[in-house]
Amino acid sequence: MARTESTQRLPLGAPAPEFSLPDALGKTWSMAQIASGRPLVVVFACNHCPYVIHLRTALGALATEFLARGVNFVAINSNDAQSHPDDSPQHMPAFAQSAGWNFPYLIDATQQVAHAWHAACTPDFFLIDAAGKLAYAGQFDSSRPKSETPITGSDLRTALEAVISGRSAPTPQIPSLGCNIKWIPGNEPKS
């Protein structure tokens, strides 16, 4: 695993890049359809990354809590499934179900959405407010695989509480840390 920090190149307050992506069952989801005029958490994730595996159940629990409070969630898998078959669409539904993800888990096979969002790692978290503007781009919390720090989701939770209360998410925002997105050869981001 290549330990990679999020790039956070989308400025806070910028309009969120639109997307329309399929899930593993072939249903296509648009960002507008998923957000439905509510705040939206977008997380770039995959099945094999130890950082995602580390917090996946806590993410499912946090999503369940905040879905009931008017926040929607979506996960996007942008990894090259050719080079990383564990991340292929056929494995995504079971992974999401075992993690308690009751939100769409979508496939970015061309990696265009990852590029548009400047996603760099898995997991990479973005919170969009109800107006479709970027409110938060940071870590879930400070816990990491093999660390003794409990998984709380405290950083994302604080941002969510602020946004649903009509306030700005706190700054500075600590970038996500995880495995690098597995880019299709020749499709790596330009510096």
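What follows draws every value from the coordinates through simple rules; no lab data is involved. Note that the structure is predicted; figures quoted are calculated from it, not measured.
Which three semi-axes in whole Å describe the equivalent ellipsoid of region 1-139, each the square root of 5 times a Cα gyration tensor eigenvalue, listed largest first? Please list the in-between numbers first.
Details: eigenvalues 85, 58, 45 Å².
Ellipsoid semi-axes (Å, largest first): 21, 17, 15.
Where only DSSP H runs of four or more residues are counted, the chain gives -7500 deg cm²/dmol as its mean residue ellipticity at 222 nm, each run worth -39500 (n - 2.57). The aspartates and glutamates within cross-link reach of K146, meaning a Cα-to-Cα straight distance under 20 Å and a gap of 8 or more places when in the same chain, are E5, D124, D155. Put simply, the amide H of F73, placed in the peptide plane, has neighbours under 5 Å in V41, leaving out anything fewer than 5 places away on its chain. For the chain, the membrane-span-like helix rule (DSSP H, alpha carbon extent of at least 18 Å along the helix axis, mean Kyte-Doolittle at least 0.0) picks out 50-67; this says nothing about an actual membrane.
Which whole-Hz ³J(HN,Hα) couplings does region 123-131 yield from phi under the Karplus relation 6.51 cos²θ - 1.76 cosθ + 1.60, θ = phi - 60°, glycine and proline marked x? Taking θ as phi minus 60°, the curve returns x, 10, 9, 9, 10, 9, 7, 5, 8 Hz for region 123-131. For region 134-139, putting each phi into the Karplus relation 6.51 cos²θ - 1.76 cosθ + 1.60 with θ = phi - 60° gives couplings of 5, 10, 8, 9, x, 7 Hz, in residue order, rounded to whole numbers and with x for Gly and Pro. Between Y136 and L127, the built amide H atoms are under 5 Å apart, and every one of these is 5 or more places off in sequence or on another chain. Evaluated over the Cα positions of region 74-191, the convex hull gives a direction-averaged projected area, one quarter of its surface, of 8.6 nm².
Work out the P(r) tail for region 82-145: percent of alpha carbon pairs separated by more than 19 Å, whole number. List each step's numbers first, then the result.
Numbers: 959 of 2016 pairs.
For region 82-145, the fraction of Cα-Cα distances above 19 Å is 48 percent.
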